[in-house]
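Shown next, in structure tokens, is the structure this report addresses.
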Amino acid sequence: MNNFLLKDRPGLLTEPWKMLVYLLLAQLMVAFIGRSMGPLGVLIGEDLSLTKAQIGLLPAALFFGQALASIPAGYLTDRVGSRILLLLLSVCLGISFLFMTFVNNFWLLLFLVGIGGIGYGSMHPVSNRGIIYWFTLKQRGAAMGIKQSGVTLGSALAALLLLPLSASYGWRPVLAAASLFLLLAGALAYYFYKDPPEQKQRKSDQTGIASFYKSMLGMAKNKALMLVSLSAMGLNGSQMCLNTYVVLFSYEKLEISLFLAGTLLVISEISGSIGRVAWGVLSDRFFNGRRVVILMIISTISALSSLTIAFLPSEASFWMVVPIIIIFGFAVSGFNGIWMNLASEIVPREQSGISSGFSITLGSLGVILIPPIFGLMVDYSGSYTMGWLLITAVMVLVFTLLTILTLQTREKLTV
């Protein structure tokens with residue numbers, strides 16, 4: 001790492017930490033809009049008379065767009081830097097969600113959510129690249145955790161602000177106003193954020209289609225990256241099930257008020273924000289950067305949490321559910337920073353953009369597939385129990401994949 005990146009600057013923050021603030025701002029606002037599909041799903045569903053499975057398709061469409069965008073965005077970030085893409089992705093998400101507020105047809109709305117997902121999904125490789133270049137290996141866990149906490153904080157703010165405001169004034173004007181704030185945040189991030197000097201020196205690298213496919217082939221052949229990405233697929237899908245259905249579950253089965261049901265989502269997301277920082281610090285300081293072990297712990301806690309929720313009695317009180325949601329959110333919504341670091345560190349640093357993009361694309365498939373399956377199981381069984389048991393089963397599979405990754409890593413070290 002260049003000394004420039006480590007040298008103290010006048011003022012309270014060194015240059016890397018200043019850049020982290022701008023990345024966090026952009027990440028928070030992108031999540032505030034993109035993740036609004038979770039808390040607003042109830043109201044959008046009532047407005048358009050949607051089934052549970054259709055409500056589950058809303059976040060699925062967002063992450064389908066993410067899956068389409070992540071690899072190209074990662075490739076572009078490796079070539080042109082993060083700064084200009086911060087602006088473009090904010091415009092893509094903000095404009096598409098603004099148009100969405102004028103739509104009454106479900107399929108057209110779903111299409112616009114998918115377009116917004118292109119902007120939403122581009123944020124991860126764009127911002128991850130900044131973290132990898134601005135911070136040293138021993139700082140990245142905490143830095144990535146702080147940056148990724150913007151996702152859960154944005155989602156929590158969406159539940160805390162957008163849900164009650166939408167219940168009072170309608171989801172359309174509220175989401176339209178929020179989309180305009182995103183456009184402003186994107187402009188501010190573009191104005192203040194700077195690409196690291198070391199990254200700028202690489203912008204003249206080959207950018208042809210042959211180079212792109214060569215990079216893609218290298219990612220696909222990386223067995224460790226594939227195992228990490230498949231594990232992230234299960235964790236991502238389970239996280240989105242919690243975000244999408246915790247409000248519906250507590251509102252319909254537990255007969256908790258819509259306000260308190262939304263509060264549970266806020267609690268889950270705040271716990272996830274704390275988890276993203278805490279897991280990063282733990283991996284840096286106590287596990288010597290061993291990210292896989294942290295993911296195994298997270299998958300175990302998530303499996304036990306979903307199993308507990310599956311068998312909650314219908315008369316369970318709000319306060320009985322709160323500690324379960326805190327633990328569940330801390331784990332399943334707190335894994336992303338560890339995943340982003342692991343996906344970026346598996347490859348050489350100059351490939352970190354496309355590596356994280358590749359992993360995000362595969363990881364996004366979990367969000368596309370698992371929430372609608374959760375919704376279908378609820379629709380056909382008439383109970384949320386099977387849905388929560390689905391998450392438990394997925395977490396067992398994730399733990400198995402991570403165990404295989406650990407064994408493969410040990411074999412390489414002994415060769």
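Relative contact order for the chain using alpha-carbon pairs under 8 Å, separation at least 6, rounded to a whole percent?
That works out to 28 percent.
How big, on average over all directions, is the shadow cast by the Cα convex hull of the chain, in nm²?
That works out to 19.6 nm², a quarter of the Cα hull's surface.
What are the semi-axes of the equivalent ellipsoid of region 288-415, taken as the square roots of 5 times the eigenvalues of the Cα gyration tensor, listed largest first and rounded to whole Å?
They are 32, 16, 14 Å, listed largest first.
Which shape class, rounded, prolate or oblate, goes with region 306-376 when its Cα gyration tensor gives a ≥ b ≥ c as root eigenvalues, a/c under 1.5 marks rounded, and past that a/b bigger than b/c marks prolate?
Verdict is oblate for region 306-376.
Report, to the nearest 10°, how far helix 223-252 tilts away from the longest principal axis of the Cα atoms in the chain, using its own Cα long axis and a range of 0 to 90°.
For helix 223-252, the angle is close to 30 degrees.
Take the eigenvalues of the Cα gyration tensor for region 274-322, scale each by 5, and report the square roots as semi-axes in whole Å, largest first.
30, 12, 5
Using the structure shown, list the pairs from 147/214; 138/221; 52/214 with a Cα-Cα distance above 32 Å, or answer none.
Pairs exceeding 32 Å: 52/214.
Helix 258-285 versus the longest principal axis of the chain: what angle, 0 to 90°, nearest 10, using Cα atoms?
Orientation of helix 258-285: about 30 degrees from the principal axis.
Roughly what % of Cα-Cα distances in region 97-174 sit above 22 Å, to the whole percent?
When every Cα pair of region 97-174 is considered, 44 percent fall beyond 22 Å.
Post the alpha-carbon centroid distance, region 56-100 to region 172-193, in whole angstrom.
Centre-to-centre (Cα) distance: 14 Å.
Using per-residue counts of other Cβ atoms within 10 Å, averaged over each peptide, order 341-348, 254-261 from highest down.
Packing order, densest peptide first, comes out as 341-348, 254-261.
Rounded to a whole number, what is D in µm²/s for region 55-192 from Stokes-Einstein with the Kirkwood radius over alpha-carbon pairs (25 °C, 0.890 mPa s)?
It comes out at roughly 156 µm²/s.
Could you give the dipole magnitude of the chain about its Cα centre, charging the beta-carbon of Lys and Arg +1 and that of Asp and Glu -1, in debye to the nearest 20?
The dipole of the chain has a size of about 1380 debye.
Among 398, 280, 375, which residue has its Cα positioned farthest towards the positive end of the charge dipole of region 277-415, with +1 placed on the Cβ of Lys and Arg, -1 on the Cβ of Asp and Glu, and the dipole taken about the Cα centre?
Most positive-ward Cα: 280.
Each value in this text was obtained by applying a stated rule to the coordinates, not by laboratory testing. All values derive from a computational prediction rather than experimental measurement. Positions of Cβ are generated from backbone atoms using ideal geometry, with glycine treated the same way; all protein chains shown enter the neighbour counts.
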